[in-house]
Amino acid sequence: MIADLLAWLTNPEHWRGAGGVPAQTLLHLYYCVVSVGTAMLIAVPLGLYIGHTGRGATAVVAVSNAMRALPTLGLVTMLVLIFGLGDTPALAGLVILAIPAILAGTCAGVDSVPSDIVDAARGMGMTSIQRLWRVELPNALPLLIGGVRSAMLQVVATATVAAYVNLGGLGRILLDGLAVGHYEQMAAAALFIALLAVAVDLVLAGISRLVVPRGLALAAEANRDGS
Amino acid sequence: MIEELLRFFASPGYREMTLTLLGEHVYLSLTPLVLGALLALPLGRLAQRHHRLRGPILGAASVVYTIPSLALFVLIPGVLGTPLLSPINVIIALALYTAALLMRPVLDALESVPGHVTAAATAMGYRPWRRFVAVELPLAIPVLISAVRMASVSNISLVSVGALIGIGGLGGLFTDGFERRYMVEILVGIVLTLLLALVVDLVLVGLRKLLTPWSRASKVVSEP
């Protein structure tokens, strides 16, 4: 079993060309970045608006909870039956699945900003837009990025599943292995999928450390020590 | 649309298949929920008592949770030697996800039990294990159940991915419907999955009320 896996991994055929591991990994990554990026363009402004005004927050929580129960394979197969085979319907499914987590994270982030901080900003004469941009958004970043991270995990997993409706990526290698009954190929693909998911999550965690304002990180640390 | 739905349910073949798959879905999603909770409790207890184990346990949980479901379904047979097309793989994978998801809440819930409560139990002669079962665990139930609710929703939605390797409960309706280009079948699968998640969630809410009678009593007392 391990020997078969090693044989598959060391076969140079599997590392070359459009069907090889590097190309499919890049394709997988490309799908994920494009769909999470698109979902952010929709969900972050909407979440900031909802969090800032407080309008529709209950609806967002209800919808994003219901969306977590939505079976990804069902959504993807249905979109492809409606809009036909091709990358766009499958990617649209990934965007739809990524939106709730980012929206909920953004709303929760803005919502978590202590009201005395917002009041202080108002007292200093900041306008509504300034408060949103310079106070609420930076304070919301930890939870916002948390939302992006869980959306990204969801999308990496679903992009694998979407190989069933002919999307490329590492799921392609896995399902092709299943079709011909080569377990070592499936296991190798599964291994790369797991590694990709962990690596992407680590990168996002790193980005989170970089962009979250230093003061916030210090405050969180102080709170942790204090408790 | 409604006509097509009626036609779907009028066909005895589809009706029977849907019911069988629904039963399989319940079994494949709820068994791991119980197993995962049973795994998370002792691990949470371990992490609570031994601070050195906390980092590794929580770290392992977050790595497990990061691995996409299809990959885990495929990797488990390689590690455990189970047959590739066995329901055991799906059950073990989902139990691992459940345990990983419950780890942090279990730890938080156990830590939230006030020190004077455990001290009182110790003073009354409770041994550590009995104190855990009779005092700390019941007090942790509200937090625990809300985490189990999250895990149940996630399990019920993940089971259908198993359809790609032949064991997926209602997910079978997605692959079958996709191959036949029969949209109603997929739609029925989606709606039944959502309904199942809703019903299980309501049952868990009821369970919490049943298991924590004191929360209702204290509400009545605290009213002016």
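The values are calculated or read from the model by the stated rules, or taken from the named source; none is laboratory data. For clarity, every value in this text was computed on a predicted model and none was experimentally measured. Note: ideal-geometry Cβ built from the backbone for every residue, glycine included; neighbour counts use all protein chains shown.
Quick notes
- Considering the stretch A:136-221, the qualifying helices (runs of 4 or more DSSP H), each wholly inside and each with 1 or more residues that are more than 24 Å from A:V21 (Cα to Cα) and not polar (S, T, N, Q), run over A:137-161, A:183-211.
- From the options A:L103, A:L41, A:L132, A:L85, residue that is aliphatic (A, V, I, L, M) and touching a Ser or Thr at 6+ places or on another chain (Cβ under 8 Å): A:L103
- Against the list (1) of a type outside the set (K, R); (2) farther than 22 Å from A:A157 by Cβ; (3) loosely packed, with under 13 Cβ neighbours inside 10 Å, the condition B:L80 fails is (2).
- Hits in the stretch A:122-149 (condition: buried (at least 19 other Cβ atoms within 10 Å of the Cβ) and small (G, A, S)): A:A140, A:G146, A:G147
So that you can scan it fast, the table gives a plain yes or no per residue for (1) over 20 Å from the mean Cα position of the chain (by Cα); (2) more than 14 Å from chain B (Cβ to nearest Cβ):
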residue: A:G146; (1), (2): no, no
residue: A:A151; (1), (2): no, no
residue: A:I173; (1), (2): yes, no
residue: A:H182; (1), (2): yes, no
residue: A:F192; (1), (2): no, no
residue: A:A205; (1), (2): no, no
residue: A:L216; (1), (2): yes, yes
residue: A:A222; (1), (2): yes, yes
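- The C-beta contact set for the stretch B:36-62 (first residue assigned to a helix (DSSP H, G or I), second residue hydroxyl-bearing (S, T, Y), distance under 6 angstrom, 6+ apart or interchain) comprises B:G36/B:T98.
- Search result, residues across the stretch B:34-64 that are within 14 Å of another protein chain (Cβ to nearest Cβ) and surrounded by 20 or more Cβ atoms within 10 Å (Cβ to Cβ): B:A61
- Within the stretch B:122-136, considering residues that are charged (D, E, K, R) and touching a residue at least 12 places away in the same chain (Cβ under 8 Å), the one nearest to B:R45 (Cα to Cα): B:E136
- Residue match in the stretch B:6-15 (condition: out of contact with any Ser or Thr (no Cβ under 9 Å at 6 or more places or on another chain), more than 14 Å from chain A (Cβ to nearest Cβ) and not in a helix (DSSP H, G or I)): yes
- Pairs where the first residue, in the stretch B:161-176, is under 18 Å from B:I67 (Cα atoms) and the second is part of a loop (DSSP other than H, G, I, E, B), C-beta under 7 Å, 6+ apart: B:V161/B:G168; B:G162/B:G168; B:I165/B:L84; B:I165/B:L85
- Scanning the stretch A:78-119 for residues that are closer than 19 Å to A:G56 by Cβ, within 14 Å of chain B (Cβ to nearest Cβ) and small (G, A, S) gives A:A101, A:A104.
- Residues in the stretch B:88-98 that are buried (at least 19 other Cβ atoms within 10 Å of the Cβ) and not small (G, A, S): B:N89, B:V90, B:I91, B:I92, B:L94, B:L96, B:Y97, B:T98.
- Here the stretch B:109-123 is the region considered, the condition is being surrounded by 15 or more Cβ atoms within 10 Å (Cβ to Cβ) and not hydroxyl-bearing (S, T, Y), and the residue that is modelled with the highest pLDDT is B:A121.
- Any chance A:I2 is over 24 Å from A:A157 (Cα atoms), among the β-branched types (V, I, T) and within 12 Å of another protein chain (Cβ to nearest Cβ): yes
- Selection count where residues are free of Cβ contacts under 8 Å to residues at least 60 places away in the same chain and in a helix (DSSP H, G or I), scope the stretch A:51-66: 11
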